[in-house]
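Structure record follows, encoded as structure tokens.
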Amino acid sequence: GAASKVGPASLGQEAAAAASSLMDLEPAASSPPDLEPLLAERNVCGCLGVASIPLILALSDCVMGLASGMTVKFFPVFFRSEVHLSPTALSLMYSIIPLSLSVAAASAQGV
């Protein structure tokens with residue numbers, strides 16, 4: 001049988017046909033979901049919605065910061081009265097702990 005010749009003209013026509021068929025395809029729907037209904041949604045109580053989450057997180061962080069700030073001041077009193085540490089030992093402990101934490105953090109970066 002006679003073999004058909006494939007020349008540049010026929011390859012160009014096939015490429016053009018393939019390109020036009022690809023152009024006819026519609027892109028997949030990839031639009032982001034509409035978040036407005038979620039932001040307007042309210043919980044069971046009807047007073048707190050999704051939009052109030054950042055405020056709740058900020059308030060809880062503030063309360064936790066204030067609470068820890070009020071208790072940390074009294075750690076030396078606890079160690080002196082309950083553990084019977086001398087002021088010198090307590091000062092050494094308060095100096096050694098941050099130094100050892102920084103050495104541990106520096107060594108952990110190398111791992």
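The values are calculated or read from the model by the stated rules, or taken from the named source; none is laboratory data. Nothing here was measured: the structure is a model prediction, and the numbers come from that model. Every residue, glycine as well, gets a Cβ built from its backbone with ideal geometry; the counts of neighbours run over all protein chains shown. What goes into the accessible areas is simple: the full protein's heavy atoms, side chains included, and nothing from ligands, DNA or RNA. Shrake-Rupley method; radii C 1.70, N 1.55, O 1.52, S 1.80 Å.
Approximating the spin labels as points 7 Å out from Cα along Cα→Cβ, the Leu48-to-Ser91 distance works out to 4.7 nm.
Ligands, DNA and RNA left out, the accessible area of the range 61-111 computed with a 1.4 Å probe is 74% carbon and sulfur.
The length gained by stretching the chain between Val103 and Gln13 to full extension, at 0.36 nm per residue less their Cα-Cα distance, is 25.4 nm.
Full extension of the chain between His84 and Ala67 gives 3.6 nm of extra length, using 0.36 nm per residue less the Cα-Cα distance.
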